[in-house]
Amino acid sequence: MRKDMEYKNIKEIPTEALSMITGKLLGDANLTIQNGRKSRLRFSHKIEDFSWCDYCYRSLCSYLPLNPPIYRKVKDPRIKAGFTEHFYVQSKTSPLIELLKPYWYNGNKKVIPNTIIELAMNPQCLAWWYQDDGHLLKKEDKLKKVILSTDYFTHEENLYLINTLKSKFQLMFKLDQQNRLILYDQPQVMYFLSLVAPYVILDRKKPPVNSTYQIISSKRTTVYLPKNLISTKPTGTIIEAMKSLPCLIQLTQSNEGLKTLFFTMKEMNPSEEYSAYQITIPLDSLLLINQLQQKTGFRNSKIIELCFLFKNGHLQRDDHQ
C-alpha cells in the first residue's frame with residue numbers, strides 16, 4: 001500500500017524512500033520539466049535489465065504513484081539492428097516529487113542537492129546509484145575498478161560526491177579525464193561491493209563467483225609486520241594476536257565496522273619499518289583469514305597487522321549487532 005503523504009520538508013520523508021529516489025536521480029532517473037505542468041519521475045532501462053526496472057518500480061510504488069514498466073522500441077540508425085528496446089516507468093504527479101524538484105533542478109538542469117545527499121547517502125542509495133550508472137570492470141575474473149558515470153554533473157559537484165563517499169564510507173574515489181568517479185584499489189573495490197551487496201540484483205554488477213581468494217596453504221608462509229609489534233618469540237606472538245580474528249570477522253558484519261577497518265588501514269603508517277616472519281598459520285586461523293580476504297581484499301599480512309591493532313586496543317568491537 002502506498003504511503004501517500006504530503007511531507008512538509010525533506011527530513012519527514014522516510015529514509016528508505018529518500019535513499020531509493022536519490023539513488024535513481026543520481027543515476028538514470030529524471031523529473032520531467034514542462035511549463036505549467038507538475039513534474040513526474042521517469043526512468044528507463046534497456047530490455048536486458050527489465051528485472052532491475054521492475055524491481056525499482058515495485059520498490060518505489062510504496063511511496064509514489066507509478067505506472068508499471070512499459071515496453072518501447074525506438075528506431076536508431078546508429079545501432080546495427082536499427083533500433084533499441086527498453087522499458088520505461090513514469091509516475092503520476094505527487095506532492096513528494098514537487099517537494100524534491102527544487103532541490104534537484106536549477107531551471108531545466110539537474111544539479112547535485114547537497115542537503116539531500118547528506119541525508120540520503122547510505123549503502124542502499126549507493127547500490128541503486130551503482131546499478132543505474134555504475135560499471136564493475138573485471139579482467140580474467142579479477143576485479144579491476146568501479147566506475148560511476150557522473151560526466152553530466154559539474155567538476156565541483158563530482159568533487160562534492162567524492163568527499164561525501166569518503167566521509168560516509170571511507171571510499172577513496174578519484175575523477176578520471178571523462179569526469180567520472182573511479183575506484184581503483186582492489187581492497188576498496190571489495191569493500192564497495194560488500195557495502196552494496198544486500199541491494200544489488202543485477203548479476204553483472206556483482207563480483208564473479210570465482211573471484212574470491214583461495215584459502216592460503218597451511219605450509220610455512222611469509223608475513224610482513226612492523227618491527228615494533230614484535231620483540232621476542234615472533235611465532236607465538238603472531239599466533240596470540242590472531243586470536244583477534246573472530247573480532248575482525250564481527251566488525252565486517254556491519255557497514256560501520258567495515259568502515260572502521262578501512263579507515264584504520266588507510267591510517268597505517270607506510271613509513272614503518274617492516275620485517276619478514278616465517279610462520280605456519282593454524283588451519284582455523286587460515287579459514288578466518290580467508291573470510292576476511294573475501295570481504296575486504298586485504299592481504300594476510302595486513303589482516304594480521306589489524307589483529308595486533310585490535311589486541312592493543314586500537315580497534316573496537318562492533319557491539320551494535
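The values are calculated or read from the model by the stated rules, or taken from the named source; none is laboratory data. Note that this is a predicted model, so its numbers are computed, not measured. Note that each Cβ is placed from the backbone with ideal geometry, even for glycine, and that neighbours are counted across all protein chains shown. Side chains are part of the model used for accessible areas, which takes the heavy atoms of the whole protein and leaves out ligands, DNA and RNA. Shrake-Rupley method; radii C 1.70, N 1.55, O 1.52, S 1.80 Å.
Run through segment 41-123 and list the trypsin sites (Lys or Arg not before Pro) located in a DSSP loop whose Cβ has at most 11 other Cβ atoms within 10 Å.
R78, K80
How tilted is helix 255-267 with respect to the longest principal axis of the chain? Cα atoms for both, answer in degrees (0 to 90, nearest 10).
60 degrees
Determine ³J(HN,Hα), in whole Hz, for all residues of segment 143-153 in sequence, where each value follows from phi through the Karplus function 6.51 cos²θ - 1.76 cosθ + 1.60 and θ = phi - 60°; x replaces Gly and Pro.
Residue by residue, segment 143-153 yields 7, 9, 6, 10, 10, 10, 6, 10, 5, 7, 8 Hz.
Quick one: pull the percent of accessible area on the chain belonging to carbon and sulfur, 1.4 Å probe, ligands and nucleic acids left out.
49 percent
So, by mean Cβ neighbours within 10 angstrom, what's the order for 303-310, 199-206, 167-174 with the highest one leading?
Top to bottom by mean Cβ count within 10 Å: 303-310, 167-174, 199-206.
Over the residues of the chain, compute the C-alpha Rg and express it relative to 2.2 N^0.38 Å.
Values: Rg = 23.2 Å, N = 321, 2.2 N^0.38 = 19.7 Å.
Computed over Cα atoms of the chain, the ratio equals 1.17.
What distance in nm lies between label points placed 7 Å from Cα along the C-beta direction at N9 and E256?
Each label point lies 7 Å from its Cα, and together they span 2.5 nm.
By how many degrees, 0 to 90 and rounded to 10, does the Cα axis of helix 95-104 deviate from the longest principal axis of the chain?
Computed tilt is about 70 degrees.
Once phi is turned into ³J(HN,Hα) by the Karplus curve 6.51 cos²θ - 1.76 cosθ + 1.60 with θ = phi - 60°, what whole-Hz value does each residue of segment 158-165 show in order, with x for glycine and proline?
So the Karplus estimates, Gly and Pro as x, are 5, 5, 5, 4, 4, 5, 5, 5 Hz.
Per residue, how much accessible surface does segment 1-91 expose to a 1.4 Å probe? Answer in Å², no decimals. Before the final figure, lay out the partial values.
Values: 5270 Å² over 91 residues.
Dividing the accessible area of segment 1-91 by its residue count gives 58 Å².
Taking amide hydrogens as modeled 1.01 Å from N in the peptide plane, which residues meet the under 5 Å criterion relative to K145, leaving out close sequence neighbours?
Answer set, sorted by chain and number: L137.
For segment 1-67, run through the GluC sites (Glu not before Pro) and keep only the ones in DSSP coil with at most 11 other Cβ atoms within 10 Å of their Cβ.
Those that pass, being in a loop and sparsely packed, are E6.
Could you order peptides 125-133, 185-193, 146-154 by the average number of other Cβ atoms within 10 Å of their residues, highest first?
So the order, starting with the most tightly packed, is 125-133, 185-193, 146-154.
Residue farthest toward the positive end of the dipole of segment 84-213, with Cβ of Lys/Arg at +1 and Asp/Glu at -1: which of A197, Q177, V89?
Going by the charge dipole, the pick is A197.
What is the set of long-range amide H partners of T280 at a cut-off below 5 Å, with H atoms built 1.01 Å from backbone N?
Under 5 Å from the amide H of T280 lie the amide H atoms of T221, each far enough along the sequence or on another chain.
Could I have the simple spin-label model distance between L175 and I33, label points 7 Å from Cα toward Cβ, reported in nm to one decimal?
Spacing of the two 7 Å Cα→Cβ label points: 2.2 nm.
Can you work out the Karplus-derived ³J(HN,Hα) for every residue in segment 61-76? Use 6.51 cos²θ - 1.76 cosθ + 1.60 with θ = phi - 60°, whole Hz, and x for glycine or proline.
After applying 6.51 cos²θ - 1.76 cosθ + 1.60, I find 5, 6, 10, 10, x, 9, 7, x, x, 10, 6, 9, 10, 10, 5, 8 Hz.
Could you calculate, for segment 86-229, the ratio of the Cα radius of gyration to the Kirkwood radius, expressed as Rg to Rh? Each step should come with its number before you reach the end.
On the way: Rg = 18.9 Å, Rh = 17.7 Å.
Reported Rg/Rh (Cα atoms, Kirkwood Rh): 1.07.
Answer rounded, prolate or oblate for segment 56-159, using the Cα gyration tensor with square roots of eigenvalues a ≥ b ≥ c: rounded when a/c is under 1.5, else prolate when a/b is larger than b/c, else oblate.
Here segment 56-159 falls in the oblate category.
Tell me the angle of helix 300-311 to the major Cα principal axis of the chain, expressed in degrees between 0 and 90 and rounded to the nearest ten.
80 degrees
Please compute the net charge surrounding K109, taking Lys and Arg as +1 and Asp and Glu as -1 over other residues with Cβ under 15 Å from its Cβ.
Numbers: positive: K101, K110; negative: D151, E156, E157.
Here the charged neighbours net out to -1.
Check which residues have an amide H placed less than 5 Å from F153's amide H, if you skip close sequence neighbours.
When sequence neighbours closer than 5 places are left aside, there are no close amide H contacts.
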